[in-house]
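Undergrad: Sending over a structure as structure tokens; questions will come in a sec.
The values are calculated or read from the model by the stated rules, or taken from the named source; none is laboratory data. Quantities reported herein were computed from a predicted structural model and do not represent experimental measurements. No Cβ is skipped: glycine too gets one built from the backbone with ideal geometry, and neighbour counts run over all protein chains shown. SASA here: full protein model, heavy atoms, side chains in, ligands and nucleic acids out. Shrake-Rupley method; radii C 1.70, N 1.55, O 1.52, S 1.80 Å.
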Amino acid sequence: MGEEEGLLGSEAYLEEATKNKTLNQVAFMLNYDMTNDPKGYNASQESCRELFQSIGAMAAKIDTTFKNSFTSRAGLHSDHQPFMLHGIPTGGSSGGKLPAGAGDCYHADCDSFSLVNEQQLKNTVRFSAMLLYGLADAATIPS
């Protein structure tokens, strides 16, 4: 919590993990800020391309709407930033678009759950779960 107020939650998590000496247990940070109906995966470093695209190839076989694109960009000002700055690899899904009309209500009073497209939400969950499983099953994670 607190991403919009200055990354308060992610900063607090890292502070506590550092204090408790559990930060080394965090292998990867997946961030899903502004993610909807993904068409590929993203990582903060190019070294993840092969792993992410091998996972994405399986997703694309299951559902051809997933295009298995890959982007490597760090990005800033979201909950992954503090993790990235602590040397923890970050990533998530990419390539989707907000449902029709949702962009006009981003951070506005007209934002409502009625703007969610159910199938696009399901795609986000399915493809994200595939990425999470693939990362958990990987022998090594590039960092």
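Undergrad: Of the conditions (1) farther than 18 Å from PRO142 by Cβ; (2) at pLDDT below 95, LYS67 clears all except one; give me its number.
TA: (2)
Undergrad: For residues that are of a type in the set (Phe, Trp, Tyr) and within 23 Å of GLU50 (Cβ to Cβ), scanning just region 111-143, find the one that is least open to solvent (accessible area, probe 1.4 Å).
TA: In the first step, residues of region 111-143 are kept if they are of a type in the set (Phe, Trp, Tyr); the result is 113, 127, 133.
From what is left, the residues that are within 23 Å of GLU50 (Cβ to Cβ) are 127, 133.
Numbers: PHE127: 0, TYR133: 159 Å².
Taking the candidates together, the pick is PHE127.
Undergrad: So which residues in region 19-49 are without any contact (Cβ under 8 Å) to a residue 60 or more places away in the chain and closer than 14 Å to LEU85 by Cβ?
TA: Matches in region 19-49: SER44 only.
Undergrad: Taking only pairs six or more apart or across chains, which ones have beta-carbon atoms under 7 Å, a first residue in region 118-135 that is on the phi < 0 side of the Ramachandran plot and aliphatic (A, V, I, L, M), and a second residue that is part of a helix (DSSP H, G or I) and crowded, with 19+ Cβ neighbours inside 10 Å?
TA: Within 7 Å, the pairs are MET130/ILE55; MET130/ALA59; LEU131/ILE55.
Undergrad: Here are the criteria: (1) part of a loop (DSSP other than H, G, I, E, B); (2) hydroxyl-bearing (Ser, Thr, Tyr); (3) within 15 Å of the chain's Cα centre (by Cα). Tell me which single one THR140 does not satisfy.
TA: (3)
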